[in-house]
Amino acid sequence: MKEVQVNGHQHVSNGNGTVSELEKHTNGTSNGYAGHNGLSNGTNGTTSNGCASSKKQSVKCTCSKSELENGSDTNNNQGHEKCTFHHDLELDHKPSTREDLLPLMSKSYRMLLSSLGEDPERQGLLKTPERAAKAMLFFTKGYDQSLEEALNGAVFDEDHDEMVVVKDIEMFSMCEHHLVPFYGKVSIGYLPCKKILGLSKLARIVEIFSRRLQVQERLTKQIAVAVTQAVQPAGVAVIIEGVHMCMVMRGVQKINSKTVTSTMLGVFRDDPKTREEFLTLCNNK
């Protein structure tokens, strides 16, 4: 047996031209699978992206939290979807959740209270930073939800080609410009093409995209596009009527103003009669 250099690392040769199991760890091929990029850090038998080797041991994923939160990864990995580390129940790691942000968010709210001249130590404010952080996470819980999870398979084959309308769905969101609420009602119509969607799923789609930092114009379009992705209908129509607290409690302070936005896709955009039928159904009390 003798030491040899392979890819800049020390390895052991068995003297007959083959490289020992140590190199297999280096190449990321131990235990029948390869790492994302096949590279190794040369220690502890783990690949550089955190996938575990054949040895059972406590290891830590080296995927960068900041990279994952920003939707990019310098190792050309999109999140943890294919990382064996994150799907091995024998390992002692769980991917971080948004609740892990609570300590930092609470600290930020505490600093905000101090900046306002308040005393964060007084009785009424002692737990306010934590409560405010939890509330903000709830207001923006849509970031944790996906269309697939919301639908939960509730797409059904049905020979129905007449308009489906669900109207007056309550909506609450947060204005991304001032971080104050806006709220209102959403009406959704679609013209099926052999597939229909569970009625409650339309309300869930509204929840996914409204529980984020939003502007009403974008929210309207996102709901329409999501319904299109779910059932591929002949057309989708969405109307939102909202009250924006950034216009009510600050700025121009117009308490009776309402903002109406619409998105028309497919036949609702191309056929005036289809669009008129939808608007009539929405306006009927």
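The values are calculated or read from the model by the stated rules, or taken from the named source; none is laboratory data. Keep in mind that this is a model prediction, so the values were computed, not measured. No Cβ is skipped: glycine too gets one built from the backbone with ideal geometry, and neighbour counts run over all protein chains shown. Note: accessible area is taken over every heavy atom of the protein model, side chains too, but ligands, DNA and RNA are not part of it. Shrake-Rupley method; radii C 1.70, N 1.55, O 1.52, S 1.80 Å.
One table, with the values for the structure above:
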item	result
Verdict on Lys254 being at pLDDT 95 or above and basic (Lys, Arg)	no
Test: residue in the range 216-225 that is surrounded by 15 or more Cβ atoms within 10 Å (Cβ to Cβ), modelled with pLDDT of 95 or more, hydroxyl-bearing (Ser, Thr, Tyr) and outside any helix (DSSP H, G or I)	no
Members of the range 266-285 that are at pLDDT 95 or above, farther than 21 Å from Val231 by Cα and among the polar types (S, T, N, Q)	Thr280
Test result for Val238, more than 26 Å from Gly153 (Cβ to Cβ) and modelled with pLDDT of 95 or more	no
Residue satisfying all of: in the range 257-285; out of contact with any helix residue (DSSP H, G or I) (no Cβ under 9 Å at 6 or more places or on another chain) and open to solvent by 100 Å² or more (accessible area, probe 1.4 Å); nearest to Thr220 (Cα to Cα) among these	Lys258
Residue selected from the range 122-153 under the condition assigned to a loop (DSSP other than H, G, I, E, B) and more than 20 Å from the chain's Cα centre (by Cα), by the criterion surrounded by the most Cβ atoms within 10 Å (Cβ to Cβ)	Leu126
Long-range neighbours under 9 Å by Cβ, at least six apart or interchain, first residue without any contact (Cβ under 8 Å) to a residue 40 or more places away in the chain and open to solvent by 30 Å² or more (accessible area, probe 1.4 Å) within the range 179-193, second of a type in the set (A, V, I, L, M) and not in a loop (DSSP other than H, G, I, E, B)	Leu179/Met136; Leu179/Leu213
Those residues of the range 226-262 which are among the hydrophobic types (A, V, I, L, M, F, W, C) and in a helix (DSSP H, G or I), in sequence order	Ala226, Val227, Ala230, Val231, Met245, Cys246, Met247, Val248
Count - residues of the range 170-206 that are among the small types (Gly, Ala, Ser) and not in a strand (DSSP E or B)	3
Scan of the range 103-121 for residues that are more than 17 Å from Leu137 (Cα to Cα), part of a helix (DSSP H, G or I) and of a type in the set (Gly, Ala, Ser), ordered by number	Ser114, Ser115
